[in-house]
Amino acid sequence: MNNTPKLKEMLLASHFTVAITGAGISNSCGIADMEKMNVLNAIETSLAPLVQMHPERSYNLLRKSFLNGIFEKGPSLTHRKISTLEKDGLIQGTITTNIDHLHSLAGSTQVAEIQGSYAINKCSQCGHHNDNIEIWNNGHAPRCSKCNGLMLSFPVYSHVGVYEEAMTQAKQWMTKAELVLIIGSKGNYSYYLNNLSPSTSIIQINPQVTQFDNIATLNIKDEADNVFKKL
């Protein structure tokens, strides 16, 4: 069934639309879901003590499993379409658990990265911040411009914690949302949805079974890129 006309109709009717995205929208960039990642590689690239012990080994593993997807294959068609919809005034904000920063690289400006991203970085020695994802695109583990200490991304130095500033923004958007698009997300850290009004419509775009199947106003069981290609 082609649900694109209904999706477009609901987007045009809404005065405040929020997109919620998960790993599914980055799969076409070669970035795997967490459960599909090599467990040992994930540990070596995400645990601060191991990253600090073998920074170049960790960086090389990260480059192959994650960074190449950002800098060589991303953003995806869906990232770019969400950015276009924001520019056209049809999406007011995007909430994501993804740490790849691809929404911003695609041009979106209203993005709440609730688990942080590789665009939020802190020196492991002096605490200096460098919030530029490009420091990860130089072919080696990034170093601090102040003291040459090893730079760590928010997901690493926070132990995959919640970025509170982004979570606050997410909750604020939820109180205003008339329409929510849940795209490629399984609902991790989604307690901000408690702020939704009962009258808010939900469109889910995901080929997999999720916790949102029974609450969505419209379920589109397809890959996000396929859906947004038709929009």
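The values are calculated or read from the model by the stated rules, or taken from the named source; none is laboratory data. Here the structure is a predicted model, which means the values were calculated and not measured. FYI the Cβ positions are ideal-geometry reconstructions off the backbone, even for glycines, and counts take in every protein chain you see.
A few points about this structure:
- Search result, residues across segment 1-29 that are of a type in the set (S, T, N, Q) and surrounded by fewer than 22 Cβ atoms within 10 Å (Cβ to Cβ): Asn2, Asn3, Thr4, Ser14, Asn27, Ser28
Matching residues to (1) hydrophobic (A, V, I, L, M, F, W, C); (2) in contact with a Leu (Cβ under 8 Å, 6 or more places away or on another chain); (3) part of a loop (DSSP other than H, G, I, E, B):
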residue	(1), (2), (3)
Val160	yes, no, yes
Met167	yes, no, no
Ala170	yes, no, no
Met174	yes, yes, no
Lys186	no, no, yes
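- When segment 105-144 is filtered for residues that are polar (S, T, N, Q) and either within 27 Å of Leu61 (Cα to Cα) or in the same structural domain as Ser65 (by TED's automatic domain parsing) (or both), the ones remaining, listed by number, are Gln115, Ser117, Asn121, Ser124, Gln125, Asn130, Asn132, Asn137, Asn138.
- None of Leu102, Leu62 is modelled with pLDDT of 95 or more, under 20 Å from the mean Cα position of the chain (by Cα) and in the same structural domain as Ile135 (by TED's automatic domain parsing) except Leu62.
- Segment 27-67 - residue that is in contact with a helix residue (DSSP H, G or I) (Cβ under 6 Å, 6 or more places away or on another chain), of a type outside the set (A, V, I, L, M) and not in a helix (DSSP H, G or I) and, of those, farthest from Pro155 (Cα to Cα): Gly30
- Candidate set from segment 133-157 (those that are closer than 11 Å to Gly116 by Cα and either at pLDDT 95 or above or out of contact with any helix residue (DSSP H, G or I) (no Cβ under 9 Å at 6 or more places or on another chain) (or both)); member that is surrounded by the most Cβ atoms within 10 Å (Cβ to Cβ): Ser153
- Residues in segment 200-231 that are under 18 Å from Ser14 (Cβ atoms), at pLDDT below 95 and out of contact with any helix residue (DSSP H, G or I) (no Cβ under 7 Å at 6 or more places or on another chain): Phe212, Ile215.
- The sole residue among His140, His79 that is assigned to a helix (DSSP H, G or I), farther than 19 Å from Leu47 by Cβ and not charged (D, E, K, R) is His79.
Residue by residue, here is whether (1) surrounded by 16 or more Cβ atoms within 10 Å (Cβ to Cβ); (2) aliphatic (A, V, I, L, M) holds:
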{"residue": "Ser201", "(1), (2)": "yes, no"}
{"residue": "Thr210", "(1), (2)": "yes, no"}
{"residue": "Asp213", "(1), (2)": "no, no"}
{"residue": "Leu231", "(1), (2)": "no, yes"}
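- Every residue from segment 1-26 that is part of a helix (DSSP H, G or I) and not charged (D, E, K, R): Thr4, Pro5, Leu7, Met10, Leu11, Leu12, Ala13, Ala23, Gly24, Ile25
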